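Notes follow once the structure below has been shown.
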Amino acid sequence: MLFNTGQNRHKADMNLTRYINTFGHAMYQRYGQKVHKVSINAAFTCPNRDGTKGIGGCTFCNNSSFSPNAKEAPQVCEQVAAGKQVIRKRTGARKYLAYFQAYTNTYAEVSALKTLYDQALAIPDVIGLSIGTRPDCVPDGVLDLLASYRDKGFEVWLELGLQSTSDEVLRRVNRGHGFGEYVDAIQRIQLRELQYCTHLIAGLPGESINATADSARRVVDLGTTGIKLHPLHIVRGTQMAREWKRGEVTPMTLNEYVQVVADIVAKAPPELVFHRLTGTANRALLLAPGWTEYKWKVLNAIYLELAHRDLPQGAAFQAFTGSDTPLITRLNL
């Protein structure tokens with residue numbers, strides 16, 4: 001039976017740290033208090049939308065379904081102030097990361113990025129940045145800028161929207177880049193010892209139920225320091241919505257998703273930070289699957305599965321060892 005009361009919602013959320021190194025837990029261990037991300041829409045676009053690599057974007061993408069500020073883009077300080085107020089009331093957090101979330105937040109000249117990032121870091125109680133972007137949009141100048149903030153003592157995370165390690169699947173969803181761009185990006189990120197979180201979507205068309213677990217293992221073996229998971233949402237105003245209506249896309253069930261997440265957690269290294277285990281879309285835009293609307297139902301189901309298995313994060317982790325061959329070569333990349 002799933003927990004379904006407000007009281008049990010909080011109980012499940014706390015108990016997840018028994019099995020998973022969540023972002024909230026990792027930040028608490030590091031700073032001794034709650035740290036929360038504040039979402040920012042800085043009015044960026046994407047090379048897969050502006051014609052540089054394509055138009056229309058990914059077939060699943062309607063960014064307003066995920067970003068709370070996607071329709072309007074007030075000043076950075078206004079967005080952070082509003083976000084802080086909501087988060088402080090909901091979670092009690094008093095320290096924040098400015099999360100540049102909507103579209104590709106490194107897709108501009110370095111000088112323009114610096115202006116925006118500096119504005120966010122100048123806000124009281126903002127202790128760092130989390131920058132959402134694509135693997136093909138992280139030139140060395142951007143990485144050097146982020147490393148400079150890290151060197152000043154700020155908490156810095158680069159969030160790479162990979163979604164899948166399958167080039168065929170990435171082509172199917174019109175992603176505009178392949179796995180090779182991700183490998184190139186992380187090699188340069190790792191040279192600067194930056195933290196990065198890899199985003200994966202479970203249930204993309206053309207992938208088996210277990211494909212996301214395979215993708216997770218590949219990015220873990222390549223050294224990702226964080227993972228963000230969510231199930232495929234089919235939302236209005238997208239090419240995938242039209243494919244779904246034609247019967248060409250079959251969403252995952254809740255049980256399928258829970259099993260995949262539990263597999264990923266058990267096989268992840270203990271130090272890996274899980275930034276997210278599920279995601280919700282704007283209710284007015286969500287078409288399928290219906291269960292993704294209920295974040296706490298999904299989190300409680302994941303918690304119960306982990307408790308049933310009694311396999312905390314890292315319990316089934318096996319790293320590549322005993323070889324002098326470069327990891328990328330061993331993975332046939």
*Meets criteria (in contact (Cβ under 8 Å) with a residue 60 or more places away in the chain and surrounded by fewer than 22 Cβ atoms within 10 Å (Cβ to Cβ)) for A120*: no
*Filter the range 131-174 for residues that are of a type in the set (K, R) and more than 26 Å from L97 (Cβ to Cβ) and give the result.*
R171, R172
*Scan L299, L254 and give me the residue that is in contact with a strand residue (DSSP E or B) (Cβ under 9 Å, 6 or more places away or on another chain), touching a residue at least 40 places away in the same chain (Cβ under 8 Å), open to solvent by 10 Å² or more (accessible area, probe 1.4 Å) and not charged (D, E, K, R).*
L254
*When residues of the range 116-127 are filtered for being of a type outside the set (S, T, Y) and either part of a helix (DSSP H, G or I) or at positive phi (or both), how many remain?*
6
_Going by what's in this entry, would Y99 be described as within 24 Å of C58 (Cβ to Cβ) and at pLDDT below 95?_
no
*From the list A262, A241, pick out the single residue that is over 14 Å from Y19 (Cβ atoms) and part of a helix (DSSP H, G or I).*
A241
*Pick out the one residue from V110, V86, V80 that is β-branched (V, I, T) and open to solvent by less than 10 Å² (accessible area, probe 1.4 Å).*
V80
*Residues (touching an Asp or Glu at 6+ places or on another chain (Cβ under 8 Å) and either open to solvent by 30 Å² or more (accessible area, probe 1.4 Å) or charged (D, E, K, R) (or both)) located in the range 276-295*: T280, R283
*Boolean, E181 is open to solvent by 10 Å² or more (accessible area, probe 1.4 Å), over 27 Å from L306 (Cα atoms), among the acidic types (D, E) and not in a loop (DSSP other than H, G, I, E, B)*: yes
*Tell me which residues, restricted to the range 129-175, are part of a loop (DSSP other than H, G, I, E, B) and open to solvent by 30 Å² or more (accessible area, probe 1.4 Å).*
D136, P139, K152, G153, F154, S166, N174
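The values are calculated or read from the model by the stated rules, or taken from the named source; none is laboratory data. Keep in mind that what you see is a predicted model, and the values were worked out from it rather than measured. Here Cβ is always computed from backbone atoms with ideal geometry, including for glycine, and neighbour counts include all displayed protein chains. When the accessible area is computed, the model is the full protein with side chains, heavy atoms only, and any ligands, DNA or RNA have been set aside. Shrake-Rupley method; radii C 1.70, N 1.55, O 1.52, S 1.80 Å.
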